[in-house]
Amino acid sequence: MATWITVCETCKRPDHPGPAEGAPDTPGARLAALIEGAVQGTGCGTALRVRRTACLMGCEHGCNLAVGARAKLGYVLGRLEPTPEAAEAVVAWARLHAESPTGQVPYRLWPAGVKGRFVSRTPPLPEEEG
Ligand code: FES
């Protein structure tokens, strides 16, 4: 079962100059592209998947993304910078999420780049009856 990284591609950061000043893409789109590239580099494309979305309603603390999988804990991370280092940290942590039966990752294994970036955690939905 795949762990999905859902990246908000419309996230901006306070220092984003905007398209009129020569920045055609948003910081969120840049982070999404970096994460897509980092996942390809891991070679675990079936266990780790990436998709983009518009606005996760955390605009005040972009860049934001969500990590989740069916029947596992889900997480939202924010205050991420669109850098290769941040992308590598997110992908490394998401890979551990994919390997975990519950989605919980022991803190001692967290890459430094995700520490202090977690915004929320969501328990898995209960199984539907009948
Ligand atoms: S634009 Fe990314 S959370 Fe709203």
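Summarising the label geometry, the points placed 7 Å from Cα in the beta-carbon direction at LYS12 and GLU129 lie 4.9 nm from one another. A crude spin-label estimate for the pair THR46 and GLN104, with each label 7 Å from Cα along the Cβ direction, gives 2.9 nm. Using C-alpha pairs under 8 Å with a sequence gap of at least 6, the mean separation divided by the residue count of the chain gives a relative contact order of 28 percent.
The alpha carbon gyration tensor of the stretch 59-122 gives principal lengths a ≥ b ≥ c with a/c of 1.5 or higher and a/b no greater than b/c, which makes the shape oblate. Measuring nothing but alpha carbons in the chain and taking Rh as the Kirkwood radius, the Rg to Rh ratio lands at 0.99.
A short reminder: the numbers here are calculations on the coordinates, not readings from a lab. Fair warning: this is a prediction, and the values are worked out from it, not measured in the lab. We place every Cβ from the backbone using ideal geometry, glycine too, and count neighbours over all the protein chains shown.
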